[in-house]
Amino acid sequence: MLKRIFYISILTLLITACKNEPKIDGFAINATIDAAANGKKVTLYAADPQNQTVLDTARVANGQVTLKGKVTHPDLYLLTIEGQNERFPLMVENSLMELEINNDSLMGSTITGSTENKIFDTFKSNLNPIREKNKTLMAAYRTASQEKDTATMEALRTEFEDFVQEINNKNLEIAKANNNLVVSAMVLESLSNSNAVKIAEAKAIYDTFTETVKTSPIGTRLGERLNNELATAEGSIAPNFSAPNPEGEMVALNDIKGKVTIIDFWAAWCGPCRKENPNVVKVYNKYHEKGLEIIGVSLDGTPRQKDAKAAWTEAIEKDGLTWHQVSNLKYFNGPVAQQYNIRAIPATFILDAEGKIVAKNLRGKALEDKIAEMLD
């Protein structure tokens, strides 16, 4: 009889526990914060700068706030608190998560209940020592620079680069070991953007990801970029493109290619580009008659420009750029810049007579030497 009562009691506890277990259709983030934040608005929005959609917003009450919603795929979001400048990055997936908000430093907050965030925390923790290492080495580097000790400067630079590579290798292992998590696509994208992993290797890792990861917003973006990167890697045939010149006429790469062709990404607002332009003019004047062609692709169109087209055309005239010039005037969002994965300028692609990319991002004497090698 006692045994039966014991089993009934256990069964009652289990049923009660099941009834009390919250059922979530989507995600819920239960956050706790110091009561001093009562009444402040907490907002969760997409980290994508092109589409910062607000996922949910709520106000703190009694030191607590809950954010709810539903996502089609795990993705990176930012959490902000009214009156604070910091933004806390977190992966949002359809699960119940607990967030302990650090009122003194939002970046010191901790989140549990999410596999995506557990791996994301490891990634962030791996990066933290880089900041400290940089701070330590920079002090020594400045001293060596003042003393014109180039040997020490080079040794410090190498030490830092080796240290960063060691961290990058750790994070690369995260992407390899968690092919079913969207955060792995984010980690791989970060490493790829910083050129910490070769494109071919990044694509091989990406190909191991599950379909859920590949079809997520981050995975889709990364897949497209890696495919484009491979299409514009050295040894590949440069993809054709067309864009309007200052007169509004469409000019295509395939229509202007010479024995050697330079695709030169630049902009009127870009100081390093304008500084490099005299060298490009020198190279063009010296080798144009031998078969060199250049097509400049301007990334003008930043919101800071009152009249992007006027700035572009004035820079062409002032710098003496007499070769083909095109632009969609859409900054880094222009279709040609997107097609060639341009994330910084100046950027150059050197093509041979068949249109194959033989070198990238050469400047100054290196650019002239390459053209001389191909045409002299």
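The values are calculated or read from the model by the stated rules, or taken from the named source; none is laboratory data. The structure displayed is predicted, hence computed values, not measured ones. Glycine also receives a Cβ, built like all others from the backbone with ideal geometry; neighbour counts cover every protein chain displayed. Note: areas computed on protein heavy atoms with side chains; ligands, DNA, RNA excluded. Shrake-Rupley method; radii C 1.70, N 1.55, O 1.52, S 1.80 Å.
The range 93-140 and the range 155-202 have Cα centres separated by 17 Å. From the residues N62, P74, Q50, which one has its Cα farthest along the dipole of the range 18-84 in the positive direction, the dipole being from +1 and -1 charges on Cβ of Lys/Arg and Asp/Glu about the Cα centre? It is N62.
Computed with a 1.4 Å probe on the full set of protein chains, the accessible area for T322 sits at about 100 Å². For the chain, the Kirkwood hydrodynamic radius from C-alpha pairs, put into Stokes-Einstein at 20 °C and a viscosity of 1.002 mPa s, yields a diffusion coefficient of 87 µm² per second. Close amide H partners of G301, meaning residues 5 or more places away or on another chain with modelled amide H under 5 Å apart, are Y331. If R0 equals 25 Å, the separation of the Cβ atoms of N193 and R59 corresponds to a calculated FRET efficiency of about 0.10.
Starting from the 7 Å offset along Cα-to-Cβ, what nm value, one decimal, do you get for the label separation of K135 and S105? Going by the 7 Å Cα→Cβ label model, 0.8 nm. Axis of helix 2-20 versus longest Cα principal axis of the chain: the two differ by about 40°, to the nearest ten degrees. Estimated from helical segments only, the mean residue ellipticity of the chain at 222 nm is -14500 deg cm²/dmol, where each DSSP H run of four or more residues counts as -39500 (n - 2.57). Fully extending the segment from A366 to E249 would add 38.9 nm, taking 0.36 nm per residue of separation and subtracting the current Cα-Cα distance. Ranked by the mean number of other Cβ atoms within 10 Å of their residues, highest first, the peptides 293-302, 39-48, 131-140 come out as 293-302, 39-48, 131-140.
Return one number: the angle in degrees, 0 to 90 and rounded to the nearest 10, between the long axis of the Cα atoms of helix 182-193 and the longest principal axis of the Cα atoms of the chain. The two axes meet at around 20 degrees. Treating r as the C-beta distance of K286 and N51 and R0 as 45 Å, the FRET efficiency rounds to 0.45.
When the pairs K41/K309; K70/K306; K318/K365; K124/K356; K286/K356 are compared against a 32 Å limit on Cα-Cα distance, K41/K309; K70/K306; K124/K356 fall above it. Phi angles across the range 363-376 convert, under the Karplus curve 6.51 cos²θ - 1.76 cosθ + 1.60 with θ = phi - 60°, into 3J(HN,Hα) values of 9, x, 5, 4, 5, 4, 5, 5, 5, 4, 4, 8, 10, 7 Hz, Gly and Pro given as x.
Residue by residue, the range 299-310 carries 3J(HN,Hα) couplings of 9, 5, x, 5, x, 6, 8, 5, 9, 4, 5, 5 Hz when phi is fed to the Karplus relation 6.51 cos²θ - 1.76 cosθ + 1.60 (θ = phi - 60°); x denotes Gly or Pro. Taking the chain as a Gaussian network of alpha-carbon nodes connected by springs under 10 Å, the highest mean-square fluctuation of the residues A231, A37, A196 belongs to A37. If you sort R363, R304, R343 by accessible surface, 1.4 Å probe, largest first, the order is R304, R363, R343.
Structure remark: mean-square fluctuation, Gaussian network model of the chain, C-alpha springs under 10 Å; the largest value among K282, K203, K330 belongs to K282. Extending 7 Å from the Cα toward the beta-carbon at both E211 and T158 defines two label points whose distance is 5.0 nm. On the principal axes of its alpha carbon atoms, the range 336-375 extends 30, 24, 10 Å, with the longest extent given first. Here's how it looks for G63: its modeled amide H is under 5 Å from those of N38, which are all 5 or more places away or on a different chain. Accessible surface calculations at 1.4 Å, restricted to protein heavy atoms, place the chain at 54 Å² per residue.
What you get for the chain, charging only the Cβ of Lys and Arg (+1) and of Asp and Glu (-1), is a dipole of about 880 debye around the Cα centre.
Dimensions of the range 140-251 based on its C-alpha atoms, expressed as ranges along the principal axes with the largest first, amount to 53, 49, 25 Å. For the range 39-160, with all protein chains in place and a probe radius of 1.4 Å, 49% of the accessible heavy-atom surface sits on carbon or sulfur. Under 5 Å between amide hydrogens, built in the peptide plane, is the criterion, and for D56 it picks out L44 among residues at least 5 positions away or on other chains.
From the alpha carbon centroid of the range 275-347 to that of the range 232-268 is 10 Å.
For the range 302-376, the list of GluC sites (Glu not before Pro) that fall in a loop by DSSP and count at most 15 other C-beta atoms within 10 angstrom reads E354.
Length available on full extension from A36 to K124: 0.36 nm per residue minus the Cα-Cα distance, which gives 28.9 nm. Across the range 327-332, computed HN-Hα scalar couplings (Karplus, 6.51 cos²θ - 1.76 cosθ + 1.60, θ = phi - 60°) run 6, 8, 6, 10, 6, 6 Hz from first to last residue, x flagging Gly and Pro.
Against the chain, whose longest principal axis comes from its Cα atoms, helix 271-287 is set at around 40 degrees. Taking GluC sites (Glu not before Pro) across the range 43-131, the ones in a DSSP loop with at most 13 further Cβ atoms lying within 10 angstrom of their Cβ are E82.
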